[in-house]
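Worksheet for the structure shown next.
The values are calculated or read from the model by the stated rules, or taken from the named source; none is laboratory data. These numbers were taken from a predicted model, which means no experiment stands behind them. Note: ideal-geometry Cβ built from the backbone for every residue, glycine included; neighbour counts use all protein chains shown.
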Amino acid sequence: MGVRRPLANEGWSELDQTSVSMPTVLLIEDNDKLARGLQSNLEFEGYVVLCASDGASGLSVARQKRPDIIVLDLMLPDTDGYRVLRTLRDDGDTTPVLVLTALGEEADKVRGFRFGADDYVTKPFGLMELRRSTICSWRCSGATGRWRRGSSSSRKCGAMTTPS
């Protein structure tokens with residue numbers, strides 16, 4: 001299957017669409033209406049989207065399918081997204097995780113980053129903002145779905161390096 005070529009005005013000039021395939025996104029979101037809307041928009045952009053509506057199934061899909069990017073809500077019905085994120089990182093999973101949540105306090109964001117989030121977007125959000133964050137997470141992973149590791153335990157994204 002080929003990569004869908006976006007129109008010039010879709011803002012994808014930073015990606016070379018001729019040489020890369022779009023990543024698989026795991027969306028862990030309990031709001032069915034929001035999940036369907038995000039899935040539809042991401043698929044329109046060319047992503048392959050897997051969905052889970054709670055933390056346990058999200059962890060299961062992440063372990064079985066090995067997505068390239070995870071979009072994670074923090075307020076899930078069975079467990080909170082922080083625990084999902086912590087479990088992924090404790091298991092050695094380095095898949096980029098973009099937190100997408102209504103929790104917008106500074107303490108929530110700091111906690112998310114401490115637990116291993118790669119980006120943090122608060123609801124309500126714009127689709128362009130989410131698309132930009134998804135592209136950045138994918139590019140920082142080397143477009144392979146896994147972070148490029150340096151000799152130390154740090155993550156490298158362009159000129160930026162953050163401690164793991």
- Subset of the stretch 40-60 that is in a helix (DSSP H, G or I) and surrounded by 18 or more Cβ atoms within 10 Å (Cβ to Cβ) - its residue that is modelled with the lowest pLDDT: L42
- Task: Among what's in the stretch 100-120 and is under 17 Å from the mean Cα position of the chain (by Cα) and among the small types (G, A, S), pick the residue that is nearest to G37 (Cα to Cα).
- Result: A102
- Exception for D91 within (1) crowded, with 16+ Cβ neighbours inside 10 Å; (2) of a type in the set (D, E); (3) at pLDDT 95 or above falls at (1)
